[in-house]
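The values are calculated or read from the model by the stated rules, or taken from the named source; none is laboratory data. Since the structure is predicted, the reported quantities are computational estimates derived from the model, not experimental observations. Backbone-built Cβ (ideal geometry, glycine too); neighbour counts: all protein chains shown. What goes into the accessible areas is simple: the full protein's heavy atoms, side chains included, and nothing from ligands, DNA or RNA. Shrake-Rupley method; radii C 1.70, N 1.55, O 1.52, S 1.80 Å.
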Amino acid sequence: MAHIPTTERDSFGSKIGVIAAAAGSAIGLGNIWRFPYVLGNNGGGAFLIIYLVFVVGIGVPVMISEFIIGRRSQRNPYGAFVKLAPGKPWYLVGIMGILAAFTILSFYSTIAGWTLEYLIEAFSTGFQNMTKSSLNDNLNTFINNGYRPVLWQLIFMFLTGYVVYAGVKNGIEKYTKILMPILLVIIIVLDVNSILLPGAGKGLTFLFKPDFSKINGEVVLEALGQAFFSLSIGMGTLITYGSYIQKKENLGNTAVSVSMADTLIAILAGIAIFPAVFSFGINPEAGPSLVFVTLPLIFEQMTGGYFFAILFFSLLAIAALTSTISVLEVVVAYLSEERNMSRKKATVISAAAISVLGIGCTLSQGPAPQLHILGKSLFDAMDFLSANILLPLGGLFIVLFVGWQLKRLDVLDELSSGGQHKVAFFRVYLIIVRFLAPIAILLVFLNNLGVI
Ligand code: PFF
């Protein structure tokens with residue numbers, strides 16, 4: 001039985017608060033180190049065009065759908081499906097979302113913890129006199145240490161819990177409204193510095209020069225997968241946030257603003273990183289070593305590098321924190337609404353439970369390789385399970401739910417806030433959620449599983 005809260009449900013207090021929180025969720029590690037590399041390596045401007053088509057054509061409609069489910073039901077992802085489709089098995093989609101939140105946070109908090117270690121390192125040594133091999137050794141020693149990465153991960157989970165514990169308006173909204181503008185200022189400072197470096201143009205060419213010969217089926221599907229992860233769609237984060245959006249707000253506009261902010265920051269991150277990498281004549285690398293080896297090496301050599309290193313790792317930590325908050329909130333909303341717990345108790349219990357799995361993920365990368373499932377380390381397994389299975393499946397069922405299960409008039413009512421706003425493109429939206437998005441997502445899903 002769903003617990004009916006006796007007090008009024010917490011909600012975001014302002015439109016800007018909604019956008020800060022949802023953009024905070026979307027803008028994360030996925031934007032800052034993953035997007036730039038994927039862009040540069042997959043045809044630059046050509047990839048960007050495809051990515052933008054997916055963000056606009058599929059990302060925004062899925063985001064709107066999550067907001068609709070959340071705001072219509074005024075519940076957490078599980079309770080939302082129970083309330084909107086009583087007696088039907090749709091609630092399983094909500095359970096899947098809560099499971100996805102658990103798995104995402106367990107491995108995401110490992111890397112989030114690393115950003116704190118490197119932030120402290122930037123403050124204390126500024127990576128002075130480090131070489132590429134000593135930076136590589138540094139990263140390996142840190143990962144294999146066990147104790148330090150776990151400690152930072154727990155500190156990061158504590159910070160996440162601290163914000164969520166305080167509530168939606170007094171915690172999530174309050175902190176994201178402070179942190180997101182700081183993030184924007186930092187990235188602009190880093191961009192200006194990067195563009196002014198000698199030879200920066202080569203980095204911009206690497207990022208943006210369209211190379212259509214690199215575009216093939218796999219790259220197209222990669223673009224869709226990246227759009228999903230980056231926009232935080234497919235697992236109920238935005239159902240949960242949607243349930244805190246006031247009835248008068250325009251959901252379509254909100255989704256467009258959040259998606260634009262997410263894409264803008266991803267592009268700005270590329271401009272902060274690649275012109276600097278090329279200016280120093282360094283080969284860009286993929287994945288964590290781009291951020292934790294290549295960039296420190298550049299900061300070590302750059303004028304003002306000490307200062308820029310601190311800014312960069314602050315940027316990463318802030319981006320990660322506003323994302324982890326949104327993921328923890330999914331579990332906390334579920335426990336407090338469905339399991340009759342106070343927000344405070346729910347926060348402590350879920351942060352603790354996720355940390356247990358998280359510690360396993362962290363250790364599986366270094367000192368405890370025996371922690372593996374189906375030939376993957378626990379870390380990689382959680383990454384794979386969430387990004388390649390749970391998110392796309394969740395996204396698929398979310399659009400099918402709004403497209404086929406909810407009544408058309410109810411969807412229109414929610415989108416127009418009960419007739420307060422004009423809804424342009426309603427038919428296009430319906431065609432997308434009924435047909436185009438399900439087909440596109442199914443293709444990515446099957447590709448990720450290696451079926452096609
Ligand atoms: N969107 C975040 C990023 O790009 O790093 C990651 C993320 C957060 C994924 C929340 C999914 C989610 F529900």
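Quick look at the numbers
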item: Some residue of the range 381-400 being part of a loop (DSSP other than H, G, I, E, B) and in contact (Cβ under 8 Å) with a residue 12 or more places away in the chain; result: no
item: Scan of the range 189-212 for residues that are touching a Phe, Trp or Tyr at 6+ places or on another chain (Cβ under 9 Å) and part of a loop (DSSP other than H, G, I, E, B), ordered by number; result: LEU197, GLY199, PRO210, ASP211
item: Residues located in the range 213-238, provided they are β-branched (Val, Ile, Thr) and assigned to a helix (DSSP H, G or I); result: VAL219, VAL220, THR237
item: Selection count, the range 322-346, where residues are within 16 Å of the ligand (Cβ to nearest atom) and not in a helix (DSSP H, G or I); result: 0
item: Subset of the range 399-431 that is within 18 Å of LYS88 (Cα to Cα) and aromatic (Phe, Trp, Tyr) - its residue that is farthest from the chain's Cα centre (by Cα); result: TRP404
item: Subset tally (residues that are in a helix (DSSP H, G or I), hydrophobic (A, V, I, L, M, F, W, C) and open to solvent by 10 Å² or more (accessible area, probe 1.4 Å)) for the range 51-98; result: 14
item: Condition met for LYS214 (exposed (fewer than 14 other Cβ atoms within 10 Å of the Cβ), in contact (Cβ under 8 Å) with a residue 60 or more places away in the chain and closer than 24 Å to LEU446 by Cα); result: yes
item: Within the range 429-449, tally of residues that are part of a helix (DSSP H, G or I) and farther than 26 Å from TYR244 by Cα; result: 14
item: Of all residues making up the range 217-246, the number that are under 18 Å from ASN447 (Cβ atoms) and within 15 Å of the ligand (Cβ to nearest atom); result: 11
item: Residues of the range 347-356 satisfying the condition of being away from the ligand (no atom under 16 Å from the Cβ) and open to solvent by 10 Å² or more (accessible area, probe 1.4 Å); result: VAL348, ILE349, ALA352, ALA353, SER355, VAL356
item: Qualifying residue in the range 410-430 (condition: touching a Leu at 6+ places or on another chain (Cβ under 6 Å), open to solvent by 60 Å² or more (accessible area, probe 1.4 Å) and not small (Gly, Ala, Ser)); result: no
item: Some residue of the range 290-303 being acidic (Asp, Glu), under 22 Å from the mean Cα position of the chain (by Cα), open to solvent by 20 Å² or more (accessible area, probe 1.4 Å) and more than 16 Å from the ligand (Cβ to nearest atom); result: no
item: Pick from the range 15-46, criterion away from the ligand (no atom under 14 Å from the Cβ) and modelled with pLDDT of 95 or more, ranking: surrounded by the fewest Cβ atoms within 10 Å (Cβ to Cβ); result: ILE16
item: Filter pass, TYR78 being within 16 Å of the ligand (Cβ to nearest atom) and over 16 Å from the mean Cα position of the chain (by Cα); result: yes
item: Every residue from the range 309-321 that is away from the ligand (no atom under 14 Å from the Cβ) and open to solvent by less than 10 Å² (accessible area, probe 1.4 Å); result: ALA309, PHE312, PHE313
item: The range 132-157 residues that are open to solvent by less than 40 Å² (accessible area, probe 1.4 Å), paired with ones that are of a type in the set (D, E, K, R) (beta carbon under 7 Å, 6 or more apart); result: PHE142/GLU117; PHE142/ARG148
